[in-house]
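Structure first, then comments.
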Amino acid sequence: MTAGASTARFPGIGMLRETGKLFALGLDVGRGIFQRPFQLREFIQQSWFIASVTILPTALVAIPFGAVISLQFGSLARQLGAQSYTGAGSVLATVQQASPLVTALLVAGAGGSAICADIGARTIREEIDAMEVLGVSAVQRLIVPRVLACMLVALLLNGMVSVIGVLGGYFFNVVLQDGTPGAYLASFSALAQLPDLWVGEIKALIFGFIAAVVASYRGLHPPPGPKGVGDAVNQSVVITFLLLFVVNFVITLIYLQIVPTKLG
Amino acid sequence: MGAEVVIEGLTKSFGKQAIWRDVTLTLPPGEVSVMLGPSGTGKSVFLKSMIGLLKPDRGKCVVNGVDIVQCSEHKLYETRKLFGVLFQDGALFGSMNLYDNVAFPLREHTKKSETEIRKIVLEKLEMTGLKGAETKLPGEISGGMRKRAGLARALVLDPEIILCDEPDSGLDPVRTAYLSQLLIDLNAQIDATILIVTHNINVARTVPDNIGMLFRKELVMFGPREVLLTSDEPVVEQFLNGRRIGPIGMSEEKDSAQMAMEQEMADAGHHDGSTEDVRGVVPQLQPTPGLPERQGVRRRKDRVMKILHTLPPAAQEGIIESLTPEEQRRYGVQPHAYAGAQHATRPVASGSTPSRHSGELPTENIAQLPDSGWNGPAPRPQPGTGGPRHQSPRPGQGGA
Ligand SMILES: Nc1ncnc2c1ncn2[C@@H]1O[C@H](COP(=O)(O)OP(=O)(O)O)[C@@H](O)[C@H]1O
Ligand SMILES: [Mg+2]
C-alpha cells in the first residue's frame, strides 16, 4: 500500500524492490493464516470458485499428458527390453513430475488469473482502500482465504491428475501398446514409493501458495490506467510460470538428494 | 464532539513528481471544512494520505494523539475506525448488495445481533434516501445512488471524522443540494468533524465553516470561510468565478505569455467563461428545522472572534456582518468599522476587533488549536497600495 520513498538508484533496483514487496506480502499472508478471525465463508467460496474454474481443464489436460508419457516411455522401454517397467516408469513420471506441473500450470493459468483479475478490479474500484479504511485488513480478509483455497485446490488437483494420469497411462499402454495389465500394475511398486506421492503433494501446496501470492500481489498493485488490470493478469501468469518451474527444479533436486531411490 | 485532525508539514511525491508540499492545517473538531482545488492537484491523494492509505514523504497527521504517518499498523487500524470515508465513486463492494455493504463494518467490528444491525442499516439507508434498494447490487444502480450508499456505509460506525472525496461529482445540482444538506444535518446530529474535497463552487460557498485551497503543489490558504470567499488572491478569485483569466490554466501551470494573451482577448471583449461574479460571503446552509443546533458553529464563532483581528479586513467585515446584532454586541464589534481598525496592529478596545473577548463557551470547550490562525498566502508584491499584510500578533503573544 505504500510507495517507497527511497532514493537509491541503480539498474535492477525496481525489480529488487518488487521482489521484496512480493516476499513481504508472502510473509504477511503467512502471518495472516494464524490470525483470528478466520474467514471461513470466503475460504469455502473461493475454494469452490477456484475448483470450478480449474477442474475441467485439468482433467482435459491430464488425460493426454498421461498418455504421452506412457506412450513415450512404453516405446523406449520396449526398445531397451524393459517392458515390465513400463507401469513403474509412467507412475514415477506422472506422480513426481507431470502432475505437480500440470497442476501448477492450471492453478496459475486458471486460478491465479481469476484471483488477479478479481483483486485487481477491486483495487481500481477502490474497494481495497475502502476496506482498509473500515479498519479491516485486506490481506487478512481477502488474500489469506484465497491463498489457502488455492493451496487446497492445488492439492486436490494434484491427486486428481495423478489418478487420471495413471489411468490414462494404463489405458494407452494396455490397449494401444499391447502391454499386459498384470505387468503394468505389478511394476507400480518396483520403482515408485510413497514419498514420491508426498513430494508431489508438497510441491502442489507450494505451487498453490506461490500462484495465489503472485496473483494477489499483482492484483493489489496493478499498473496505472485502464489497461492496468489486464496487464497485471498477464504478468502474474507469466511470473508465476517462471517461478514455479524454478521452484519445481529446486524441490526435485533436494528430493533426489534426500530420499534414496528404490533400486539404488 | 468530533476528533481534531492536526496536519503538519505534510509532503507527498510519487517518484520524481511532487504532488504537494508542506501542507499544514488543522481541522477544528466538529466543524465542516472544504478543500478546494483544480482537478489533478492531489486532493484525493491528500485524503488518502490523511488515513494512511498512501505514505507521505514527510510530515505529521495527528488524530487523538496518534500520528497516522508514523504509528504502528495496529494503531493505524484502530484509529481508522474513527473515520468514515466516502470515496470518489462510492467504493462499494461489488459482490455484496447494498444492505450487506452497509452492514459490513458492523459485522466486522461489533458483536451486534442481526436484528440490531438491521435496525441501524435500515436507518442509515433511509437517511441517505435508499430505502427499498437494499437488495440491489452496486452494479445495478446509478452513480448517485452508489455515492449515497457509500456515505451510508461510512456512517454506520458513528465516525468522529467524515472525509468525502468529491461528493458532488457526477451528481445533478438537485442531488448535490440534498447531499450538502445531508452532510450539514449529519454534522448537527453527531457533531463529527467533516472534510469535503470538491471543486464545486456552490458547495464550497454554502456548506463549510472553513475552506482551504490546494494549487501548484501547495496549500494556498486554509481558514474561516469568510477569508477565502472574500479573498483577492488571483487563484482563489479565478477558481471561485470559474474564469479563464488567471493563473490556473488547462494544464497544470500557465505561462505568462498565455496569461497576457488571454487578458488581451478579454480586454477586447472576448467572454472569459465566467457566469457571474460570485465573490462575497453568502449565508451558510443551516440544519433542517427540528434538528439540534450545530455545536461546531458555536465553537467556531468563539474561535474565529478570537483571531478576528489577524484576518484580512474584507473577511473581518464578512464575519461581523454574519453575526446577529445581539452577537455583535456580545463580542463588542460593529459592522463597517474595520476601516479604522485595520491599521492598528494591536487593536485597542474601541476598535472593531477586541484583543480579548469573552466567548459564550467556557475556555475548555473552545477548540484549542495549535497555530489556529489561518494559513495565509505567501506575501506577494502589492503594487501601489502597500496595504497591511495582517501581521498583527495573536492575543496573548504580543504582550498587553
Ligand atoms: N498511485 C499513484 N501513483 C502515481 N501517481 C499518482 C497516483 N495517484 C495519483 N497520482 C498522481 O497524483 C496527481 C493528483 O491526483 P489526484 O489526487 O487524483 O487529483 P485530484 O485533485 O483530481 O483528486 C495526479 O497527477 C496523478 O497522476
Ligand atoms: Mg480526485
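Residue by residue, segment A:121-128 carries 3J(HN,Hα) couplings of 5, 5, 5, 6, 7, 6, 5, 5 Hz when phi is fed to the Karplus relation 6.51 cos²θ - 1.76 cosθ + 1.60 (θ = phi - 60°); x denotes Gly or Pro. Against the main long axis of the alpha-carbon atoms of chain A, helix A:144-171 sits at an angle near 20°. Put simply, the amide H of B:Arg58, placed in the peptide plane, has neighbours under 5 Å in B:Thr11, leaving out anything fewer than 5 places away on its chain. Can you give the angle from 0 to 90° between the axis of helix A:194-220 and the longest principal axis of chain A, with both taken from C-alpha atoms, to the nearest 10? Compared with the principal axis, the helix lies near 30 degrees. What the phi angles of segment B:130-137 give under the Karplus curve with 6.51, -1.76 and 1.60, with θ = phi - 60°, is a coupling list of 10, 4, x, 9, 4, 8, 6, 8 Hz, glycine and proline written as x.
Chains B and A: how much accessible area gets covered up at their contact, both sides added, probe 1.4 Å, in Å² to the nearest hundred?
Details: alone 19030 and 13690 Å², together 30750 Å².
Looking at B and A, the buried total is near 2000 Å².
Restricting to DSSP H runs of at least four residues, report the calculated mean residue ellipticity at 222 nm for the protein assembly as shown, -39500 (n - 2.57) per run over all residues, nearest 500 deg cm²/dmol. Computed mean residue ellipticity for the protein assembly as shown: -15500 deg cm²/dmol. Annotation: B:Asp89 carries an accessible surface of approximately 80 Å², with a 1.4 Å probe and no ligand, DNA or RNA atoms counted. For segment B:208-218, the Karplus equation 6.51 cos²θ - 1.76 cosθ + 1.60, evaluated at θ = phi - 60°, returns couplings of x, 8, 10, 10, x, 9, 9, 7, 6, 6, 9 Hz by residue, with Gly and Pro reported as x. Within segment B:5-215, DSSP assigns beta bridges of which about 45% are antiparallel (rounded to the nearest 5).
Distance from the Cα centroid of segment A:214-244 to that of segment B:234-249 is 42 Å (rounded to whole angstrom).
Farthest toward the positive end of the dipole of segment A:42-255, out of A:Ile124, A:Ile143, A:Ala212, is the Cα of A:Ala212, where the dipole comes from beta carbon charges about the Cα centre.
Using a simple spin-label model with points 7 Å from Cα along the Cα→Cβ vector, what separation in nm is obtained for B:Arg107 and B:Asp172? Distance between label points: 3.4 nm. Tell me the relative contact order for chain A as a rounded percent, counting alpha carbon contacts under 8 Å between residues six or more apart. Reported relative contact order: 30 percent.
Amide H to amide H distances under 5 Å link B:Ile19 with B:Lys12, B:Ser13, B:Phe14, where only residues 5 or more positions off or on other chains count and H is placed in the peptide plane. Taking a sphere under 15 Å around the Cβ of A:Gln45 and counting the other residues whose Cβ falls inside, with K and R at +1 and D and E at -1, yields a net charge of +1. B:Glu73 contributes an accessible area of around 110 Å² to the protein surface, as traced by a 1.4 Å probe with all chains present.
If we sort B:202-208, A:102-108, B:178-184 on the protection proxy, mean other Cβ atoms within 10 Å, highest first, what's the order?
Details: B:202-208: 22.1, A:102-108: 27.7, B:178-184: 20.1.
Descending mean neighbour count gives A:102-108, B:202-208, B:178-184.
Counting Cβ atoms of other protein chains within 10 Å of each Cβ in B:36-43 and taking the mean gives 0. Taking the Cβ-Cβ separation of A:Ile55 and A:Ile33 as r and a Förster radius of 25 Å, what is the calculated FRET efficiency to the nearest 0.05? The pair A:Ile55/A:Ile33 has a calculated efficiency of 0.55.
Suppose the chain between A:Leu40 and A:Gln193 were pulled fully straight at 0.36 nm per residue; how much longer would it get relative to their current alpha carbon spacing?
Working: separation 153, 0.36 × 153 = 55.08 nm, distance 3.53 nm.
The A:Leu40-A:Gln193 span can extend by a further 51.5 nm.
Order B:Met50, A:Met151 by their accessible area, 1.4 angstrom probe, all chains in place, largest first. Could the numbers behind the result be given before it?
Numbers: B:Met50 0, A:Met151 40 Å².
My answer, sorted largest first, is A:Met151, B:Met50.
Largest accessible area first, the residues A:Trp48, A:Trp198, B:Trp20 order themselves as A:Trp48, A:Trp198, B:Trp20 under a 1.4 Å probe with ligands, DNA and RNA left out. For peptide A:120-126, the mean count of partner chain Cβ atoms within 10 Å of a residue's Cβ comes to 4.
If A:Phe245, A:Phe34, A:Phe172, A:Phe207 are ordered by their accessible area, calculated over protein heavy atoms with a 1.4 Å probe, which sequence runs from highest to lowest?
Numbers: A:Phe245 95, A:Phe34 160, A:Phe172 45, A:Phe207 5 Å².
Ranked list, largest accessible area first: A:Phe34, A:Phe245, A:Phe172, A:Phe207.
For A:Ser137, the accessible area of its heavy atoms, probed at 1.4 Å with every protein chain present, is near 30 square angstrom. Taking a point 7 angstrom from the Cα of B:Ser39 along the C-beta vector, which residues in segment B:161-177 have backbone N less than 11 Å away? Only B:170 pass the distance filter.
The values are calculated or read from the model by the stated rules, or taken from the named source; none is laboratory data. This one's a predicted model, so the numbers in the text were calculated from it and none came from an experiment. Positions of Cβ are backbone-derived with ideal geometry, glycine not excepted, and every protein chain shown enters the neighbour counts. When the accessible area is computed, the model is the full protein with side chains, heavy atoms only, and any ligands, DNA or RNA have been set aside. Shrake-Rupley method; radii C 1.70, N 1.55, O 1.52, S 1.80 Å.
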